[in-house]
Ligand SMILES: Cc1ncc(COP(=O)(O)O)c(C=O)c1O
């Protein structure tokens with residue numbers, strides 16, 4: 001490759017351009033070692049100084065890096081940030097729900113020692129286990145009779161008072177008597193939906209939607225109407241308004257903050273508008289807010305309940321995501337449906353176990369909860385960043401993803417034609433769990449989406465699993 005000694009461009013710049021051209025053409029790829037300075041001297045017939053000058057120019061241009069005792073390497077290209085999925089476009093027909101898919105899949109739930117990308121669960125590092133154990137022991141020792149007796153709805157007064165005090169952070173001002181303790185948020189959602197619907201009714205939901213909500217609708221014989229939703233801002237209110245005009249809708253159900261699976265978070269303006277819209281149609285809202293406290297930065301986003309004047313919002317949450325899913329303690333603030341929800345709670349399982357309620361009340365009062373959540377938010381933010389980086393590093397460039405600002409799930413749109421169920425079946429035997437998109441739709445939609453759990457501290461195994469998953473996606477992309 002001769003250089004031109006008569007050119008006005010100096011030899012070292014000509015050499016730098018020639019090498020840059022080879023890098024551009026892919027002759028040397030990111031991470032490759034370029035020939036040694038001696039070899040370049042011989043190949044191009046120039047002095048060592050000229051080669052060293054050319055290398056310095058390429059380093060300045062960010063194309064190569066020098067490694068001590070080893071030579072020059074093509075700098076790995078920073079991955080291009082991926083775009084986000086577009087607003088969803090579900091069909092506008094209400095459907096009966098068969099949510100049995102989730103039951104058939106292995107999402108890796110139940111063993112917090114083993115990180116999973118499938119189920120939306122957190123690692124033990126994200127739970128204040130030792131403090132909660134101490135308090136459980138304490139209440140069992142000091143209030144043994146209460147802990148072993150039947151409780152009755154609405155549940156422990158001490159816990160309801162603590163929950164009511166914390167409500168101001170989410171913008172709702174309620175008294176302890178407005179709260180019904182439940183066995184997790186799932187039960188709160190189940191009781192709330194059951195309180196406001198009858199079999200055959202239609203419930204409008206965001207799309208994609210949390211799969212356990214689909215299970216509730218299916219088990220109550222309800223139809224789901226999927227409403228278009230934005231991956232960052234949640235449900236589309238124009239589409240919802242049109243649906244409310246066009247057909248009878250018994251209730252709306254959604255996750256207001258850091259939704260599952262997209263991580264979307266409604267703005268305050270949209271929350272207020274939604275309440276006004278539903279009041280105008282006299283339709284109740286079931287608000288699931290289990291992730292609101294897990295905002296990565298700044299104040300916790302408001303609950304929709306904060307804008308509710310008429311009592312039409314049935315607010316549901318729990319301590320499963322913030323403190324411990326195994327204690328099974330959640331709550332509902334059912335507004336004007338309080339009596340109905342209390343009665344249903346009594347019918348279904350009498351009351352939530354007493355010891356976890358008392359231990360959590362003591363933990364909340366001690367200030368331990370706030371300290372834990374402050375620490376957990378930083379960890380969740382870091383874990384989300386690592387997961388987004390891994391998708392950008394290992395998955396094909398046409399992959400899209402959300403950028404949640406809280407919570408611990410990431411919604412990934414695979415390149416066109418890559419089937420999430422096929423990917424699930426390829427990954428499962430390798431011990432890699434993922435939640436495939438069709439779980440989140442009653443109409444088998446989202447076939448090229450997956451949800452990734454970011455609830456565990458990053459480690460080498462997770463990194464390796466993401467690299468493997470990226471290769472599985474790439475294989476399926478090149479086959480298209
Ligand atoms: C949106 C949402 N709601 C509710 C739950 C379940 O909450 P709990 O364990 O308190 O019943 C989950 C768990 O993944 C969730 O993601």
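Laboratory data are not the source of any read-out in this text; all were calculated from the coordinates shown. If you're wondering where the values come from, they're calculated on a predicted model, not measured in any experiment. Virtual Cβ from ideal backbone geometry, glycine too; neighbours counted across all protein chains shown.
Some values worked out for this structure:
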{"read-out": "Average projection area in nm² (convex hull over Cα atoms of region 280-397, one quarter of hull surface)", "value": "11.0 nm²"}
{"read-out": "Neighbour-count order for 451, 80, 393, fewest beta carbons within 10 angstrom listed first", "value": "80, 393, 451"}
{"read-out": "Inter-label distance for residue 143 and residue 48, nm, one decimal - labels placed 7 Å from Cα along Cα-to-Cβ", "value": "8.0 nm"}
{"read-out": "Whole-Å distance, taken between Cα centres, linking region 169-236 and region 277-295", "value": "8 Å"}
{"read-out": "Normalised contact order of the chain, rounded percent, pairs of Cα under 8 Å and 6 or more residues apart", "value": "20 percent"}
{"read-out": "Centre separation in Å (Cα based) which lies between region 408-480 and region 1-60", "value": "42 Å"}
{"read-out": "Residue-span extension gain [residue 340 to residue 133] - 0.36 nm each, minus C-alpha spacing", "value": "71.1 nm"}
{"read-out": "Gyration tensor over alpha-carbon atoms, region 1-113, equivalent ellipsoid semi-axes in Å", "value": "54, 19, 11"}
{"read-out": "Between region 91-161 and region 302-353, the alpha-carbon center distance in angstrom", "value": "14 Å"}
{"read-out": "Computed [θ] at 222 nm, helices only, for the chain once each DSSP H run of length n ≥ 4 contributes -39500 (n - 2.57)", "value": "-12500 deg cm²/dmol"}
{"read-out": "Rounded to 10°, Cα long-axis angle of helix 48-60 versus longest principal axis of the chain", "value": "20 degrees"}
{"read-out": "Average Cα contact separation per residue, region 179-299, under 8 Å, 6 or more apart, as relative contact order %", "value": "26 percent"}
{"read-out": "Quarter of Cα convex hull surface for region 380-480, i.e. mean projection, nm²", "value": "6.1 nm²"}
{"read-out": "Sorted by Cβ density within 10 Å, fewest first, the residues 318, 70, 156", "value": "70, 156, 318"}
{"read-out": "Ordering of 188-200, 296-308 by burial proxy (mean other Cβ atoms within 10 Å per residue, highest first)", "value": "188-200, 296-308"}
{"read-out": "DSSP beta bridges in the chain [antiparallel fraction, %, rounded to 5]", "value": "60 percent"}
{"read-out": "Length-normalised contact order for region 304-388 - Cα pairs under 8 Å, 6+ apart - percent", "value": "21 percent"}
{"read-out": "Nearest-ten-degree value, helix 354-366 long axis tilted from longest Cα axis of the chain", "value": "60 degrees"}
{"read-out": "Residues 125, 293 arranged by fewest to most Cβ contacts within 10 Å", "value": "125, 293"}
{"read-out": "Between helix 338-349 and the chain: long-axis angle, C-alpha atoms, 0 to 90°, nearest 10", "value": "80 degrees"}
{"read-out": "Reference-scaled alpha-carbon Rg (2.2 N^0.38 Å with N residues) for the chain", "value": "1.19"}
